[in-house]
Amino acid sequence: MSKIMLVTGGGRGIGAAVARLAARRGYAVGVNYRSDADAANAVVADIVRGGGRAVALQADVSQEDQVLRMYGELDRQLGRIDALVNNAGILERQMRVDEMSAERLLRVLSTNVIGAFLCAREAVRRMSPRHGGQGGAIVNVSSAAARLGSPNEYVDYAASKGALDTMTIGLSKEVAPEGIRVNGVRPGTIYTDMHASGGEPGRVDRLKDAIPLRRGGTVDEVAGAVMWLFSDEAGYTSGSFIDVSGGS
Ligand code: NAP
């Protein structure tokens with residue numbers, strides 16, 4: 001029986017690369033998306049064409065009822081989850097903190113923090129022996145921004161990733177005795193559409209000369225680190241972080 005993975009925000013960018021690599025490593029994959037059904041369906045079609053199993057699952061992870069519905073569909077269509085990648089995340093237009101509206105702060109924090117909590121909660125409810133499960137692993141996709149703070153761009157986003165890192169540490173200790181490992185990956189500046197959401201599609205190329213490795217990263221380089229954390233080689237690794245940030 002193949003193991004079952006849920007990748008939130010799995011239709012595009014880093015999440016899509018993780019979903020594809022997981023399928024090549026034998027996982028059946030739930031590919032969550034919020035609104036871009038075409039992108040998620042294309043990832044699923046690629047996986048199925050390659051002989052794997054995958055389903056597209058629509059849900060806004062910041063909404064509890066939608067997270068519950070998504071897990072219900074995952075349970076029915078693939079089975080009980082073994083691996084969760086909390087990857088869905090947003091940032092908004094670059095600005096200073098003294099310009100940020102409360103509505104924006106709520107949107108960023110509810111997706112990047114509450115969404116990750118809700119998805120982790122539902123995963124633990126299925127993985128923990130306290131609930132009849134057999135263990136598992138969770139990887140939270142954070143950001144180097146958690147360490148760097150993103151001044152003049154998106155301090156709200158950076159702070160949401162700081163909260164996610166704290167959740168990684170606390171949850172890892174809470175569920176380690178139940179056979180569940182929880183780790184984080186902190187990408188740096190990676191070529192995806194996300195920078196356009198901040199109003200600067202060319203951001204990676206603007207910043208690349210200041211990165212010690214002198215280039216932006218690829219989604220596959222992040223996916224490799226995520227998948228290592230699910231591997232047997234990472235069996236004694238929990239509450240840890242891998243920085244995939246070119247030395248930044
Ligand atoms: P992306 O290309 O913008 O893709 C974001 C994905 O998340 C999309 O599939 C999107 O769904 C999904 N998503 C957004 N909000 C959601 C919600 N409320 N519920 C469910 N899905 C939602 O982003 P990315 O660059 O791949 O980023 C992925 C993760 O890596 C994020 O957590 C981000 O913070 C982190 N990261 C990225 C970088 C970077 O340089 N790119 C650096 C550090 C950390 P739709 O396709 O339906 O819109």
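The values are calculated or read from the model by the stated rules, or taken from the named source; none is laboratory data. Given the structure is predicted, the values throughout are model-derived calculations rather than measurements. As a convention, Cβ positions derive from the backbone with ideal geometry for all residues, glycine included, and neighbour counts pool all protein chains shown. Side chains are part of the model used for accessible areas, which takes the heavy atoms of the whole protein and leaves out ligands, DNA and RNA. Shrake-Rupley method; radii C 1.70, N 1.55, O 1.52, S 1.80 Å.
Structure remark: mean-square fluctuation, Gaussian network model of the chain, C-alpha springs under 10 Å; the largest value among 36, 220, 82 belongs to 36. Per-residue Karplus couplings for the range 47-60, computed as 6.51 cos²θ - 1.76 cosθ + 1.60 with θ equal to phi - 60°, are listed in order as 5, 5, 4, x, x, x, 10, 7, 9, 8, 10, 7, 5, 7 Hz, Gly and Pro entered as x.
Suppose every Lys and Arg Cβ carries +1 and every Asp and Glu Cβ carries -1, with no other charges. What dipole size does the range 1-50 come out with about its Cα centre, to the nearest 20 debye?
On the way: 7 positive and 3 negative charges, 44 e Å.
So the magnitude is around 200 debye.
In the full protein context, the chain carries 45 Å² of accessible surface per residue, based on a 1.4 Å probe and ignoring ligands, DNA and RNA.
Indicate the gyration tensor shape class of the range 24-131 (rounded, prolate or oblate), computed on the Cα atoms with a ≥ b ≥ c the square roots of the eigenvalues: a/c under 1.5 is rounded; otherwise a/b larger than b/c is prolate and the rest oblate. Write down the numbers at each step before the final one.
Values: a/c = 2.57, a/b = 1.52, b/c = 1.69.
Oblate.
In this structure the amide hydrogen of residue 190, modeled in the peptide plane, comes within under 5 Å of the amide hydrogens of 217, none closer than 5 places in sequence on its chain.
Summarise the accessible area of the chain (1.4 Å probe, protein heavy atoms) by the percent that is carbon and sulfur.
Numbers: 5760 of 11250 Å².
Heavy-atom surface of the chain belonging to carbon and sulfur, 1.4 Å probe: 51 percent.
Local charge sum around residue 44 (other residues, Cβ-Cβ under 15 Å, Lys/Arg +1, Asp/Glu -1)?
Values: positive: 12, 20, 24, 49, 53; negative: 36, 38, 46, 73.
So the surrounding residues net to +1.
P(r) for the chain, from all Cα pairs and a bin width of 10 Å, is 8, 33, 38, 18, 3, 0 %, short bins first. For residue 3, list the lysines whose Cα falls under 24 Å from its own Cα; do not include residues on the same chain fewer than 8 positions away. Counting by Cα, and skipping residues close in sequence, residue 3 has these lysines nearby: 173. In this simple spin-label approximation, residue 221 and residue 197 carry label points 7 Å from Cα along the Cα→Cβ vector, and these lie 2.1 nm apart. Farthest towards the positive end of the charge dipole of the range 156-248, among the residues 213, 236, 175, is the Cα of 213, using unit charges on the Cβ of Lys, Arg, Asp and Glu. Taking label points 7 Å from Cα along the Cα-to-Cβ direction, residue 237 and residue 206 give a separation of 3.3 nm. Selection among 97, 55, 27 by position relative to the dipole of the chain gives 27 as farthest towards the positive end (Cβ unit charges, Cα centre). Under a 5 Å amide H cut-off, with hydrogens placed 1.01 Å from N, residue 133 pairs with 128 among residues at least 5 apart or on other chains. About the centre of its Cα atoms, the chain shows a dipole size close to 480 debye [charges on the beta carbon of Lys, Arg (+1) and Asp, Glu (-1) only; nearest 20 debye]. From the Kirkwood radius over Cα pairs of the range 113-248, Stokes-Einstein at 4 °C and 1.567 mPa s returns a whole-number translational diffusion coefficient of 82 µm²/s. Each residue of the range 236-241 was assigned a 3J(HN,Hα) from its phi angle through the Karplus curve 6.51 cos²θ - 1.76 cosθ + 1.60 (θ = phi - 60°); the sequence is 10, 10, 8, x, 10, 10 Hz, with glycine and proline shown as x. Amide H contacts under 5 Å for residue 184: 140, 240, 241, 242, restricted to partners 5 or more places along the chain or on a different chain, H placed in the peptide plane at 1.01 Å from N.
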